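Each value in this text was obtained by applying a stated rule to the coordinates, not by laboratory testing. Just so it is clear, the structure is predicted and the values come from calculations on it, not from any experiment.
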Amino acid sequence: MAEITLVLAALALVALVVTVGTASLLTTFGLGILGLGLVLGVPTGLWYHVVLYRCMAPKRQLSPLWWVSPGALHRHLSAADQQRIAPWYRIGGVGFALCLVGGVAAIAGLLIAR
């Protein structure tokens with residue numbers, strides 16, 4: 001449900017900027033939001049994986065590709081471990097959402113300018 005809300009919000013934001021601004025403004029806005037998402041999401045996403053590994057390594061053998069889909073490991077975490085990873089998981093998710101919104105806005109601006 002949250003993903004649908006994020007997509008609808010992104011589309012509404014793009015529609016608003018398209019009607020109010022120019023293509024170059026939309027592209028610049030999109031690239032700025034994309035950059036913010038990368039600056040926020042990449043380090044926190046990396047640290048989330050580090051903390052998750054530190055929580056899981058003593059408890060079980062991890063596959064070599066555990067980091068590709070780490071969400072399945074959350075059910076094996078204790079409540080204390082879940083609290084340790086929760087902020088990094090959420091902030092990384094916000095960074096990812098900003099990347100999506102910024103990327104869509106930048107692409108829309110480039111397509112309009114075309």
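Computed from the coordinates I sent, Cα extents along the principal axes in Å equals one of [x] 59, 26, 25; [y] 52, 36, 23; [z] 54, 24, 20. Tell me the label. Computed from the coordinates, Cα extents along the principal axes in Å corresponds to [z].
For the chain, the longest principal axis of the Cα atoms and the long axis of helix 2-20 meet at an angle of about 20 degrees.
Here the sum of -39500 (n - 2.57) over DSSP H runs of 4 or more residues, divided by the residues of the chain, equals -28000 deg cm²/dmol at 222 nm, to the nearest 500. Helix 79-113 and the long axis of the chain differ in direction by around 20°, with both axes built from C-alpha atoms. For the chain, the longest principal axis of the C-alpha atoms and the axis of helix 23-56 are separated by about 0°.
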